[in-house]
1. Given points 7 Å out from each Cα along the Cα-Cβ axis, report the Phe104 to Phe12 separation in nanometres with one decimal.
2. Once you have the Kirkwood Rh of the stretch 1-61 from its Cα pairs, apply Stokes-Einstein at 25 °C and 0.890 mPa s and quote D in µm²/s.
3. Rounded to the nearest 10 degrees, what's the angle between the helix 112-121 long axis and the longest principal axis of the chain, both from Cα atoms, 0 to 90?
4. Beyond 21 Å, what share of the Cα-Cα pairs of the chain is found? Please give it as a whole percent.
5. In debye to the nearest 20, how big a dipole does the chain give about its Cα centre with +1 on each Lys and Arg Cβ and -1 on each Asp and Glu Cβ?
6. Kindly express, to the nearest 10 degrees and within the range 0 to 90, the angle between helix 35-63's C-alpha long axis and the longest C-alpha principal axis of the chain.
7. Can you tell which of Ser7, Gly113, Val62 lies farthest toward the positive end of the dipole of the chain, using +1 and -1 charges on the Cβ of basic and acidic side chains (Lys, Arg; Asp, Glu)?
8. Run the quick spin-label model on Trp59 and Phe96: label points 7 Å from Cα toward the beta carbon, then report their separation in nm to one decimal.
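Every number in this text was worked out from the coordinates using simple rules, so none of it is lab data. For clarity, every value in this text was computed on a predicted model and none was experimentally measured. Here the Cβ is made from the backbone with ideal geometry for all residues, glycine too, and neighbour counts use every protein chain on show.
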Amino acid sequence: MTDDIESVSEVFIETLLGLGFIALTLWLNRSMHTFIQVASAILFCENFTSLFLLPVMFWATVAEDWLGYGILLLIIFWNWALIGAVFKKILSINVFAGLVMSLFYMLFSFGGGFAVNSLLTG
């Protein structure tokens, strides 16, 4: 990402796709009345872990040390587990299913956001 507009548009698309995934999941589960709580919880988890992720990401890319990349991976797994716990609680499913839902959420929002933004901006 070299352009500020491209960066902002990708974050906007990722947020919309993430909220859409949450809405679709809750709609299929017939629990749309919890959309605000679930969306707030998931977005808070992502923003909270990003507070730790950004300095570690800077450190890992500058130092190019295996420890930095290990901590980076640990924070990403922590984010995955937090979102999985939210899905587990709201959908009343087991831990493994919550982690699978969390994985699909992350792939859909981040991967989909990157793909859609690449198609739009070229």
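1. 2.9
2. 183
3. Once rounded, one gets 60 degrees.
4. When all Cα pairs of the chain are counted, 45 percent exceed 21 Å.
5. The calculation lands at about 760 debye.
6. 20
7. Value: Gly113.
8. In this crude label model, Trp59 to Phe96 measures out at 3.5 nm.
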